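A quick write-up on the structure given underneath.
The values are calculated or read from the model by the stated rules, or taken from the named source; none is laboratory data. The model shown is predicted, which means the values in this text are computed figures rather than measured ones. Neighbour counts run over all protein chains shown; Cβ positions are idealised from the backbone, glycine included. Note: areas computed on protein heavy atoms with side chains; ligands, DNA, RNA excluded. Shrake-Rupley method; radii C 1.70, N 1.55, O 1.52, S 1.80 Å.
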Amino acid sequence: MKLILHIGTHKTGTTALQQFLYANRAPLAASGFHYATPPHRLQEANIVANALNVGKKCVVHEFLTKHIECARRSGAHTLLAS
């Protein structure tokens, strides 16, 4: 499985990309992509980055493990995380 990890700083269009990916989850899934969304949609889009920044590696591990499993179950070939 491939991983596409998008990391963007403030004011670089990150939120617009996240909104686009979220709005297009179904067509992406139909093409073999799983978009790893945070637990509460876009309201907490930075939850993984913030957890990593303060040393909470377990939050990052749980997030990625959950979404890798979801991607495998759905037959996705690529995991998108932003």
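Length gained on full extension, R73 to F20: 16.8 nm, using 0.36 nm per residue less the C-alpha separation.
Annotation: per residue accessible area for the chain equals 70 Å², rounded to a whole number [probe 1.4 Å, protein chains only].
If you wrap the Cα atoms of the chain in a convex hull and average its projected area over all directions, you get 5.2 nm². Relative protection proxy for 30-36, 10-16, 48-54, from highest mean packing down: 30-36, 48-54, 10-16 (other beta-carbon atoms within 10 angstrom).
Here r is the Cβ-Cβ distance between T9 and A29 and R0 is 25 Å; the resulting FRET efficiency, rounded to 0.05, is 0.30. Only the Cβ atoms of Lys and Arg (+1) and of Asp and Glu (-1) were treated as charged; on that basis the dipole of the chain about its Cα centre amounts to roughly 60 debye. Computed over protein heavy atoms with a 1.4 Å probe, the carbon and sulfur contribution to the accessible area of the chain reaches 58%. Our coupling estimate for segment 62-73, obtained by passing each phi through the Karplus curve with A = 6.51, B = -1.76, C = 1.60 and θ = phi - 60°, is 4, 4, 5, 4, 4, 6, 5, 5, 4, 5, 4, 4 Hz, Gly and Pro reported as x. Taken one residue at a time, the phi angles of segment 22-34 give Karplus couplings (6.51, -1.76, 1.60, θ = phi - 60°) of 5, 5, 10, 4, 5, x, 5, 4, 5, 9, x, 10, 10 Hz. Gly and Pro are set to x. For a straight C-alpha distance cut-off of 23 angstrom, the lysines reachable from K57 (same-chain residues fewer than eight places away being disregarded) are K2, K66.
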